[in-house]
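Asks: Structure in structure tokens, see below.
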Amino acid sequence: MEEVRSTTAWVATHSSHVTVDFTGIEKVAENMKNSLPKVEWDFEGIHYFDNGPLTVQYLLVLDALNFCFWPDEEMSYDHLASGLKVTLESDKSAFDADRLQKYTGPQLRKMLNWSRPLPLEDERVRLLHEVGLELERSFEGKASKLVESCDNSAAKLVALMTRHFPGFRDHTVYKGHQIFLYKRAQIFAADLWGAFKGQGYGDFEDISSITIFADYIVPAVLQQLGVLRYRSSLDNIIKKNTEIVSGSEEEVELRACSVYAVEKMKELISKKTGKQVLSVELDLWLWAFGIQCPSLQHHRTLSIYY
Ligand SMILES: Nc1nc2c(c(CN[C@H]3C=C[C@H](O)[C@@H]3O)cn2[C@@H]2O[C@H](COP(=O)(O)O)[C@@H](O)[C@H]2O)c(=O)[nH]1
């Protein structure tokens, strides 16, 4: 995760469209100093959990598809999490590696109880196949084997995920430099940690090494909190819901500056309180705040990464 931290910091110090406001960070950290808001994983009550390997399989499938819901105004992450949960509850072998390799778009729609094509449906299907095939080839078909091979290290898990599954290699090139975000790979580690409450498959000694998950909700929340400031041209693009091209300077800055700003916020809160705060905890708080705010306007980029 050092790569994520150092490369996003590079973007933040060379950015043209997004600025990290340290006064804004200071204000948020000061407010959080006395009461660190704790948000429970699955506060929505929408995820599958049975305390065993099938939960790991569920979370891998979930995070393989955990991106870009906004093109359909009525769709959200909740539909994915709960649709996959209902699917698994009625058919425990639905996410077996051989079956993952065969799903079609209409079948995936049915799983999510969705009557029209899903956003980036063909990509979602391709990524499901990729996960099934690689699980079968390298991990006896089981996501639990993948996690077991990581020696309780979230960093190892992210490295392994990005090595084995091309769809999880969330990176880009910005002003000639390679930048790593690894949103879905990191969120998989965080979901395991959250679901298993840091025990069993969620027991990671280095959970503090994970950064936030740069999606389209967190940057919007950070802007609202005065932690990120946008150049007026970018502000207009977002207000008008105009699409931002994947890999553009604007898009990379929105995501990278979010990671960097929350790392700084975490350091400051830890310093003020004398307690270790985790980026995962800050992420969940920011994200939960964001999705409960219907007026929040976020950037729109078509991407399989977030
Ligand atoms: N940074 C961050 N981004 C997250 C999540 C989650 C869900 N995490 C679960 C884990 C435990 C909790 O109980 C959550 O349920 C989804 N997303 C992203 O949000 C976007 C979806 O937005 P909308 O279209 O409005 O549904 C999309 O990019 C999706 O990838 C998170 O935790 N952090």
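The values are calculated or read from the model by the stated rules, or taken from the named source; none is laboratory data. Keep in mind the model is a prediction, meaning the values are calculated, not measured. Cβ coordinates were reconstructed from backbone atoms using ideal geometry, including for glycine residues, and neighbour counts include every protein chain displayed. Ligands, DNA and RNA are stripped out before the accessible areas are found, and what is left, the full protein with its side chains, is counted by its heavy atoms. Shrake-Rupley method; radii C 1.70, N 1.55, O 1.52, S 1.80 Å.
Asks: Between the range 153-201 and the range 241-275, how far is it from one alpha carbon centroid to the other, in angstrom?
Replies: 17
Asks: Working out 0.36 nm times the residue gap between residue 102 and residue 116, then minus their Cα-Cα distance, what length gain in nm do you get to one decimal?
Replies: That pair, residue 102 and residue 116, stretches by 3.1 nm at full extension.
Asks: State, to one decimal in nm, how far the label point of residue 38 lies from the label point of residue 73, with both points 7 Å from Cα in the Cβ direction.
Replies: 4.0
Asks: Angle, helix 249-273 long axis vs. longest principal axis of the chain, Cα atoms, 0 to 90°, nearest 10?
Replies: For 249-273 against the chain, the angle is about 80 degrees.
Asks: Any chance you could run the full-extension gain for residue 93 through residue 243? It's 0.36 nm times the residue separation minus the Cα-Cα distance, nm to one decimal.
Replies: My answer for the length gained is 50.1 nm.
Asks: Moving on to the next point. Using Cα atoms only, what is the angle between the long axis of helix 121-138 and the major principal axis of the chain, expressed in degrees (0 to 90) to the nearest 10?
Replies: 70
Asks: So in the chain, what percent of DSSP beta bridges are antiparallel if you round to the nearest 5?
Replies: Around 90 percent of the beta bridges assigned by DSSP in the chain are antiparallel ones.
Asks: Hey, another quick one. Relative contact order for the range 20-90 using alpha-carbon pairs under 8 Å, separation at least 6, rounded to a whole percent?
Replies: Result for the range 20-90 is 33 percent.
Asks: Take residue 129 and residue 22, extend 7 Å from each Cα along the Cα→Cβ direction, and tell me the distance between the two endpoints in nm.
Replies: With each label point 7 Å from Cα toward Cβ, the separation is 5.1 nm.
Asks: A follow-up question, please. Aspartates and glutamates within cross-link reach of residue 266: Cα-Cα under 17 Å, excluding same-chain residues under 8 positions apart?
Replies: The qualifying aspartates and glutamates are 2, 21, 26, 30, 206, 281, 283.
Asks: Further question on the same structure: Within a Cβ distance under 11 Å of residue 120, other residues only, what is the Lys/Arg minus Asp/Glu net charge?
Replies: Taking every other residue near residue 120 into account, the sum is -2.
Asks: Is any residue of the range 23-65 close enough, with backbone N under 16 Å, to a label point placed 7 angstrom from the Cα of residue 272 along the Cα-Cβ axis, and if so, which?
Replies: In the range 23-65, the label zone of residue 272 (backbone N under 16 Å from the point 7 Å along Cα→Cβ) covers 23-38.
Asks: What is the extension gain from residue 50 to residue 197, computed as 0.36 nm multiplied by their sequence separation minus the C-alpha to C-alpha distance, in nm to one decimal?
Replies: Here the segment from residue 50 to residue 197 would lengthen by 51.7 nm.
Asks: Let me know the shape class of the range 73-131, please: from the alpha-carbon gyration tensor, a ≥ b ≥ c as square roots of the eigenvalues, rounded when a/c is under 1.5, otherwise prolate if a/b is greater than b/c, or oblate.
Replies: Oblate, because a/c is 1.5 or more while a/b does not exceed b/c.
Asks: Quick check on the chain: helices-only [θ] at 222 nm, where DSSP H runs of length 4 and up contribute -39,500 (n - 2.57) each and the sum goes over total residues. Nearest 500, please.
Replies: That comes out to -16000 deg cm²/dmol.
Asks: Also, I was wondering about something else. Classify the range 145-184: rounded, prolate or oblate, from the alpha-carbon gyration tensor (a ≥ b ≥ c, eigenvalue square roots; a/c under 1.5 rounded; otherwise prolate if a/b is larger than b/c)?
Replies: prolate
Asks: While we're looking at this one, here's another question. Go ahead and collect, in residue order, the members of the range 261-290 whose backbone nitrogen is under 18 Å from a label point 7 Å along the Cα-Cβ direction of residue 2.
Replies: Of the residues in the range 261-290, none has backbone N under 18 Å from the label point off residue 2.
Asks: Quick one: angle between helix 2-13 and the longest Cα principal axis of the chain, in degrees between 0 and 90, rounded to 10, please.
Replies: Roughly 40 degrees between the two axes.
Asks: Next up: Counting only protein heavy atoms and a 1.4 Å probe, tell me what percentage of the range 113-191's accessible area is made up of carbon and sulfur.
Replies: Heavy-atom surface of the range 113-191 belonging to carbon and sulfur, 1.4 Å probe: 50 percent.
Asks: Nearest 0.05, what FRET efficiency do residue 293 and residue 233 give at R0 = 22 Å with Cβ-Cβ as r?
Replies: 0.35
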